[in-house]
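The values are calculated or read from the model by the stated rules, or taken from the named source; none is laboratory data. The shown structure was predicted, so the numbers you read here are calculated from the model rather than taken from an experiment. Backbone-built Cβ (ideal geometry, glycine too); neighbour counts: all protein chains shown. Note: accessible area is taken over every heavy atom of the protein model, side chains too, but ligands, DNA and RNA are not part of it. Shrake-Rupley method; radii C 1.70, N 1.55, O 1.52, S 1.80 Å.
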Amino acid sequence: MVCPYCNKNMESGIIHGDRYSIKWIPQGKDKGIFLSPFIKGIRLSDKSSSNSVGAYFCNRCDKIVIDLQEDNI
Ligand SMILES: [Zn+2]
């Protein structure tokens, strides 16, 4: 994947979750980690499989991009 900020190639990698699925929650709805399983958000990983998500890192911009439409690892 090409970095959307600097247009250089990004390094592919993986983010591993812990007990619960990794989820993006809008700032105003966040109630902390213990309530996160009950709050609607965008699920990034699937707990039933490896609970991990593929991601791309740009070391020039210090940005990580997750493509939700890609098959996650
Ligand atoms: Zn970049």
- Query: Pairs of lysine in the chain with Cα under 18 Å and at least 8 positions apart or on different chains: total?
  - Reply: 7
- Message: Could you compute how much accessible surface Arg43 exposes when probed at 1.4 Å, giving the result in Å² to the nearest 10?
- Response: 140
- Task: Report the charge-dipole magnitude of the chain in Debye, nearest 20, computed about the Cα centre from +1 at each Lys and Arg Cβ and -1 at each Asp and Glu Cβ.
- Result: 320
- Query: If each of Phe57 and Ile39 carries a label point 7 Å out from its Cα toward its Cβ, how far apart are those two points in nm?
  - Reply: 2.6
- Query: Residue farthest toward the positive end of the dipole of the chain, with Cβ of Lys/Arg at +1 and Asp/Glu at -1: which of Leu44, Cys61, Cys3?
  - Reply: Leu44
- Message: Give me the three principal axis extents of the chain from the C-alpha atoms, as integers in angstrom, largest value leading.
- Response: 38, 29, 19
